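S.K.: Okay, here's the structure, questions in a sec.
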Amino acid sequence: MSDHSGLIDLGLAGQRGLVAGAGYRRTRAGHGRLTSLRLAEAGVALALVDLDEERLTEIVKEVEGAGGTAVPILADMTVASEAQRAVDEAVAALGGLDLCVNIIGGGKWNKLVDFTDEDWQWSLDNNITNVFYLYRAVARQMIEQGTGGSLVAIASVDGRHSSSFHSAYGVAKAGVISLTWTAAEELGPHGIRVNAVAPGSVGNGNYDQPEDQFGYDGVSPLAAPRAIDIANTILFLSSPLAGRITGQTILVEGGATFKSPWGTTEEALDFLKTF
């Protein structure tokens with residue numbers, strides 16, 4: 001574990017958390033892995049949930065190898081009974097839950113007119129239905145505990161804008177944003193905060209991006225987001241530093257979504273000044 005001397009105290013030491021979708025798929029960004037490591041580093045005892053036993057074993061070993069506490073739970077969170085079982089096992093192992101993060105998601109790609117019923121349903125199950133199942137189970141537990149808590153899910157910029165060629169994904173992620181608002185309103189009186197993080201185009205993690213170079217990416221004016229940027233945002237939202245933040249979806253996209261739609265460049269300035 002890292003030496004925290006000189007760093008801001010996140011107030012997470014001794015907290016109990018669940019991360020759904022914690023395992024690392026090497027063709028993906030690694031949000032679950034990095035989030036689990038960040039939370040463990042901050043002192044959170046974790047129940048780590050994944051559908052794949054090999055991925056689950058790997059992340060548990062990595063968290064424990066770094067000095068953290070990790071309870072493995074193998075479960076399919078798109079099934080209501082499995083989601084409830086995962087929460088029950090986490091509570092039994094940790095003694096309760098103070099925070100929960102849902103990483104699970106994925107897209108199916110096709111034109112709207114060619115999208116199959118099966119791909120549509122899969123997209124909803126894996127991007128919004130599982131969030132509902134998990135939030136319902138965890139919220140009931142947190143309400144019973146009476147000590148508040150934090151829920152965070154991964155949304156997407158595709159839930160705020162067009163989602164060309166993966167329409168169901170965009171619809172589902174818009175659902176995550178909507179569920180965030182509603183859950184935040186309903187659960188706020190119980191001291192439970194509900195937020196989401198909407199990544200931009202993180203791809204397979206973008207680990208090779210330079211730390212201190214900006215403006216090189218044609219999509220994001222600042223720089224393209226990295227998986228670690230997503231994990232850091234989840235860490236913040238899960239912590240008491242975000243103690244009065246709820247119902248929010250934080251876009252982590254390097255500025256990609258607020259750009260002018262006209263594509264005006266510096267090179268065009270001389271011409272434009274003639275008008």
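Laboratory data are not the source of any read-out in this text; all were calculated from the coordinates shown. Keep in mind that what you see is a predicted model, and the values were worked out from it rather than measured. Positions of Cβ are generated from backbone atoms using ideal geometry, with glycine treated the same way; all protein chains shown enter the neighbour counts.
S.K.: Sequence gap of 8 or more, or different chains, plus Cα separation below 27 Å: how many lysine pairs satisfy both in the chain?
M.R.: 6
S.K.: When all C-alpha to C-alpha distances in segment 54-205 are sorted into bins of 10 Å, what percent of pairs does each bin hold, rounded to whole numbers?
M.R.: Once binned at 10 Å, the Cα pair distances of segment 54-205 give 11, 35, 35, 16, 2, 0.
S.K.: Can you compute the charge dipole magnitude of segment 1-85 about its Cα centre, using +1 on each Lys and Arg Cβ and -1 on each Asp and Glu Cβ, nothing else charged? Give it in debye, rounded to the nearest 20.
M.R.: So the dipole magnitude of segment 1-85 works out to roughly 180 debye.
S.K.: Given Cβ point charges of +1 (Lys, Arg) and -1 (Asp, Glu) and nothing else, what value in debye, to the nearest 20, does the dipole of the chain about its Cα centre take?
M.R.: Taking the Cα centre of the chain as origin, the dipole is about 480 debye.
S.K.: Same structure, new question: Just to be sure I understand: with springs between alpha-carbon atoms less than 10 Å apart, which residue in Thr78, Thr27, Thr265 has the highest mean-square fluctuation in the Gaussian network model of the chain?
M.R.: Thr265
S.K.: Please go through segment 152-244 and write out the GluC sites (Glu not before Pro) that DSSP classes as loop and that have at most 13 other C-beta atoms within 10 Å.
M.R.: Sparse-neighbourhood loop GluC sites (Glu not before Pro): Glu211.
S.K.: Which whole-Hz couplings ³J(HN,Hα) result when phi for each residue of segment 131-139 is put into the Karplus expression 6.51 cos²θ - 1.76 cosθ + 1.60, θ = phi - 60°, listed in order with x for Gly and Pro?
M.R.: 5, 4, 4, 5, 4, 4, 5, 5, 4
S.K.: Grab the beta carbon distance between His161 and Ala93, set R0 = 41 Å, and tell me the FRET efficiency rounded to 0.05.
M.R.: Working from the Cβ atoms, E equals 0.55.
S.K.: Under 8 Å for C-alpha pairs, at least 6 residues apart: give me the relative contact order for the chain, rounded to a whole percent.
M.R.: Rounded, it is 18 percent for the chain.
S.K.: Scan around Glu253 for amide H atoms under 5 Å from its own, H built in the peptide plane at 1.01 Å from N, and keep only partners 5 or more places away or cross-chain.
M.R.: Gly200
S.K.: Given DSSP loops and a limit of at most 14 other Cβ atoms within 10 Å, what is the longest stretch of the chain that contains no such trypsin sites (Lys or Arg not before Pro)?
M.R.: Result for the longest clean stretch: 112-243.
S.K.: Using a Gaussian network model of the chain whose springs link C-alpha atoms within less than 10 Å, name the residue from Asn232, Asn195, Asn110 with the highest mean-square fluctuation.
M.R.: Checking each option, the largest mean-square fluctuation is seen for Asn110.
S.K.: Restricting to DSSP H runs of at least four residues, report the calculated mean residue ellipticity at 222 nm for the chain, -39500 (n - 2.57) per run over all residues, nearest 500 deg cm²/dmol.
M.R.: Value at 222 nm, helices only, nearest 500: -11500 deg cm²/dmol.
S.K.: Compare Leu237, Leu97, Leu187 in a GNM of the chain, Cα atoms joined below 10 Å, and give the one with the largest fluctuation.
M.R.: Leu187
S.K.: I would also like to ask the following. Enumerate the calculated ³J(HN,Hα) couplings along segment 52-60 in order (Karplus 6.51 cos²θ - 1.76 cosθ + 1.60, θ = phi - 60°), each rounded to whole Hz, writing x wherever the residue is Gly or Pro.
M.R.: Taking θ as phi minus 60°, the curve returns 9, 5, 5, 4, 5, 4, 5, 6, 4 Hz for segment 52-60.
S.K.: Please list, ordered by chain and number, the residues whose modelled amide H lies under 5 Å from the amide H of Ala196; skip anything fewer than 5 residues away on the same chain.
M.R.: Ala153, Gln248, Thr249, Ile250
S.K.: Calculate the dipole size of segment 174-265 relative to its Cα centre from +1 charges on Lys and Arg beta carbons and -1 charges on Asp and Glu beta carbons; express the result in debye to the nearest 20.
M.R.: 240
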